[in-house]
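Below: one structure, written as structure tokens.
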Ligand SMILES: [Zn+2]
């Protein structure tokens, strides 16, 4: 699912868990799609440590433990997870929804509230710190879309190596036919990311029907098989 991109912004989240430089698998990496714009790290004392610059695994794990009590329970918090408001500049015309690739979604407050009034569950809009040059700038919220559930094991490559024992990295590309594992999906959310592939954003049928009913333009849906 994605939304047509009309506005333009140059912004980043305020805080990041760093990427890791792993001596076991030899890979320097950070993951995409793990974003918690509603989580505030301003009370942590080591502000300069929460940048995306890669660090050794032990240092990453130390920083992750500082963040864990502030993050939602059971959040995986892989290297590269970001937190806090989007800070930067924005210009142009934003639709009810604007997505940046598969990574993040901005919504007008009004569009979000109308979806919630239609009974769409689990939408969390977080404030942004985007500066517009023009007057009467729109109030844009970033959706905190959390990873839940997983892809069905049958659609994963059969020769998938196990995760790295030190840093936990699993290297795989999105299968051509991605299938959701029904038993793993959340029952009470109409919008979420796939837990083991967080750049795939899933809206339920209820979400899609509400978008169509309210005639909110810009979102493209593609059906994902599930079993
Ligand atoms: Zn590793």
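Values quoted throughout were computed directly from the atomic coordinates according to the rules given, and no laboratory measurement underlies them. The structure displayed is predicted, hence computed values, not measured ones. All Cβ positions, even for glycine, are placed from backbone atoms using ideal geometry, and neighbour counts span all protein chains on display.
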Run through the DSSP bridge list for the stretch 24-159 and note the antiparallel percent, rounded to the nearest 5. 60 percent
Gaussian network model of the chain, Cα within-10 Å springs - most flexible of 16, 213, 152: 213
Of all DSSP beta bridges in the stretch 12-83, antiparallel share, percent nearest 5: 50 percent
Near-label residues of the stretch 197-227 by backbone N, under 20 Å of a point 7 Å along Cα→Cβ of residue 93: 215-220
What residue among 179, 199, 166 has the largest mean-square fluctuation in a Gaussian network model of the chain, using Cα springs under 10 Å? 166
By count of other Cβ within 10 Å, fewest leading, how are 31, 52, 42 ordered? 42, 52, 31
quick note, the chain, DSSP beta bridge pairs, % antiparallel (nearest 5) is 70 percent
Mind giving me the FRET efficiency for residue 136 and residue 12? R0 is 22 Å, r the Cβ-Cβ distance, nearest 0.05 is fine. 0.30
Prolate/oblate/rounded call for the stretch 12-83, Cα gyration tensor, a/c under 1.5 rounded: prolate
Among 214, 106, 160: highest mean-square fluctuation, GNM of the chain, C-alpha pairs under 10 Å: 160
Rounded, prolate or oblate for the chain? Axes are the square roots of the Cα gyration tensor eigenvalues, ordered a ≥ b ≥ c, and the cut-off for rounded is a/c under 1.5. oblate
